[in-house]
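The values are calculated or read from the model by the stated rules, or taken from the named source; none is laboratory data. Every value quoted in this text rests on a predicted model; they were computed, and no experiment measured them. Note that we place each Cβ from the backbone using ideal geometry, even for glycine, and neighbour counts take in every protein chain shown.
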């Protein structure tokens, strides 16, 4: 049965090809550019329908290997498909392709290579341009322009920012230093009132010495001067707000009590704590007034700048 059907199919295919004309001049490649090692197809149009049938594979060579050969009809038009893989670049000539009506000869295809011949031999070809979504270039250049504009404004405001930040940071450090001294005096005063020491105790003298050293350290951190090594007259020359008591008079009075023949009494230590508290409290109020004046000055400067800008815009 199989032997009787095969001659009939061969005869039927031959009849179909006999009615159609093979247009080798209209042959094309799929894909259009074929590189060495790629699997591709050579499509040869026919002038009419030719049915569907498998064709014998052409013989393989060192430059090309054939995978499949067939004829198909779609939409009333027939085409011959020859699937192959080429292994040599350049113009490649196909061996004769057997069809029921004979052989297709003179088939040639151009095989490209990822290597292009240059002055220094074969080199890699230029890479293909990357695929990008629409608007990608506008987004990239717009982002770069925004960054440059932001950098320009940042550099323009760096001088003002540094001076303003330095002022704010210095005020915060001074406020924190004053708060620490007030907290120390309150804690010591509370402990002394809660647990009074015996009249003959030496703890008053030691605490008096400790407070004297701490006060000098406080002045050194506040003013940035070497107040620990200064004498009382030198401490009196330190520039402080006018409403703050002169530290030189306080230190002179404390030194007289420290080195006096009668020693330090409990009442004198409490007086010293009160004097330190008043000094730090007055200094804290002076700091608040200075910050308030600085805020008013900045606001006035900003308002004046806005007025100048408005006037210049009106003249323009």
Output yes when any residue across region 195-202 is at pLDDT below 80, closer than 19 Å to residue 256 by Cα and in a helix (DSSP H, G or I), and no when none is. no
Given the criterion surrounded by 12 or more Cβ atoms within 10 Å (Cβ to Cβ) and at pLDDT 85 or above, identify the matching residue among 57, 104. 57
Can you list residue pairs whose Cβ atoms sit under 7 Å apart, with the first residue in region 16-35 being modelled with pLDDT of 60 or more and the second being surrounded by fewer than 13 Cβ atoms within 10 Å (Cβ to Cβ)? Count only pairs 6 or more apart in sequence or on different chains. 24/106; 35/114
So how many residues does region 60-82 have that are in a strand (DSSP E or B) and either at pLDDT 85 or above or in contact with a strand residue (DSSP E or B) (Cβ under 6 Å, 6 or more places away or on another chain) (or both)? 14
Of everything in region 28-54, what is surrounded by 12 or more Cβ atoms within 10 Å (Cβ to Cβ) and in a loop (DSSP other than H, G, I, E, B)? Give them in sequence order. 36, 38, 47, 48, 49, 50, 51, 52
For region 107-137: of the residues being in a strand (DSSP E or B) and farther than 30 Å from residue 47 by Cα, which is modelled with the highest pLDDT? 115
